[in-house]
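Reviewing the structure listed below.
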Amino acid sequence: MAKSRKGERSWKWEKTNWLGEIEDEKNIGDINLPGTHDSAAFNAWTHTLYACHKTSITGQLEGGIRLLDVRIKVKDWRNSQSIETLRNSPASGFVTCHGAIGIWMGVNEYQSLESLFGEVRDFLSAHPQEAVVMKLQIDDWSSYQGQKSKVKQGIRNLITSCGLPCYNAGDTNGDNAPADLPVLGQLRGKVFLLSNDGHAPGAPVSWSMPDDINQMVECPAAGGRNFPVLVQDIYKKLPVTGSCDKKLELVTQAFGSKCAGDGRVLLNFASATWYGVMGVYIQKELFAYLYQNRPSSLGWLFLDYESEPCATVGGQEVSVVDAVIDSNFGYQKYGPGISSGNITLLAGKGAGGQG
């Protein structure tokens, strides 16, 4: 359980400032972070194809999310983006997306990367005791597959021009970025970057996940990253019957691979798909598991539709994000009410949406 900066009041955290309740000396890899998968893929009105959330980036951060999975599309020649323009004036050259679906009209596009960086910057400015971990991944290279270093430089230039306060973006050449896993005190008011494949700024974490086996991947410390990373991102070929149960099993088994103080990061993805389109979601099942078993080390959890309420506790709606945050404080905020039976689990299973 995290020590509080405010002693016995640690359980009185609020979603906008809960990291402010944790001591500066806590390693960021040992904090259970609630995150969102394909963070920018949201539709506030309805559940649509390729959307994963109903809340904006600002809404996610204000709702307790401290881990973002940002997928990037490089705008191609149809928008008159020469590679030099992209590198030197990058604001219009990058948008967020969900996958590379091969359709140039933009159906896989969401907000601009510039606006997303601005939302994160503004949140941290308003809440300087907080921190955000951001995984950058280029999903759609358009026509720039052969010019990766210039694309990476364009993203770094955009980080600079947006004033995004990054702990480990490096200098203008991408050099001298810290390669160690920081403690929370070093990150307050800042963004810690991970790069999915090293083609974007941040500590590189590359993995290959076969679709036909159920196992985690361990990425040992490598160039530009001095800490090992475990990844559970098994999302295809789950059984049609019992897919939620199987995904819950994979997520919760991964909890046992992470121990406080082990120097590792666990990236634990809590959603999956049927046939690449229909989503498999386990928010309610995971919420129930956490309060029934109260594991102490969850890693960094990536969630879809994270804000959907799972239960009412003492008349207050709570979500799986609340449960993940509460795990850092010994489940003290909602645990007593749940133990006393002052809880109503909300109906519904996690599977069946489009994802």
- Query: Of the residues Lys247, Lys236, which is out of contact with any His (no Cβ under 7 Å at 6 or more places or on another chain), under 21 Å from Val321 (Cα atoms) and not assigned by TED's automatic domain parsing to the domain that holds Leu33?
  - Reply: Lys247
- (1) in the same structural domain as Ser125 (by TED's automatic domain parsing); (2) buried (at least 20 other Cβ atoms within 10 Å of the Cβ) all hold for Asp197 apart from (2)
- Please work out which one of (1) assigned to a loop (DSSP other than H, G, I, E, B); (2) over 19 Å from the mean Cα position of the chain (by Cα); (3) modelled with pLDDT of 90 or more is the condition Ser161 fails and give its number. (1)
- Item | the range 108-132 residues that are among the polar types (S, T, N, Q) and surrounded by fewer than 20 Cβ atoms within 10 Å (Cβ to Cβ), paired with ones that are in a helix (DSSP H, G or I) and at pLDDT below 95 (beta carbon under 8 Å, 6 or more apart) | Ser112/Ala91; Ser112/Ser92
- Message: I'd like to check something: does the range 34-43 contain any residue that is modelled with pLDDT under 90, assigned to a strand (DSSP E or B) and not assigned by TED's automatic domain parsing to the domain that holds Pro309?
- Response: yes
- Item | Close pairs (6 angstrom Cβ cut-off, 6 or more residues apart or separate chains): in contact (Cβ under 8 Å) with a residue 24 or more places away in the chain in the range 309-336, surrounded by fewer than 20 Cβ atoms within 10 Å (Cβ to Cβ) and acidic (Asp, Glu) anywhere | Pro309/Glu317
- If you take the residues in the range 308-347 that are touching a strand residue (DSSP E or B) at 6+ places or on another chain (Cβ under 7 Å), surrounded by fewer than 21 Cβ atoms within 10 Å (Cβ to Cβ) and among the polar types (S, T, N, Q), which one is modelled with the highest pLDDT? Thr312
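The values are calculated or read from the model by the stated rules, or taken from the named source; none is laboratory data. Worth saying up front: this structure is predicted, and the values here are computed from it rather than measured. With ideal geometry, Cβ positions are generated from the backbone for all residues, glycine too; neighbour counts draw on all protein chains shown.
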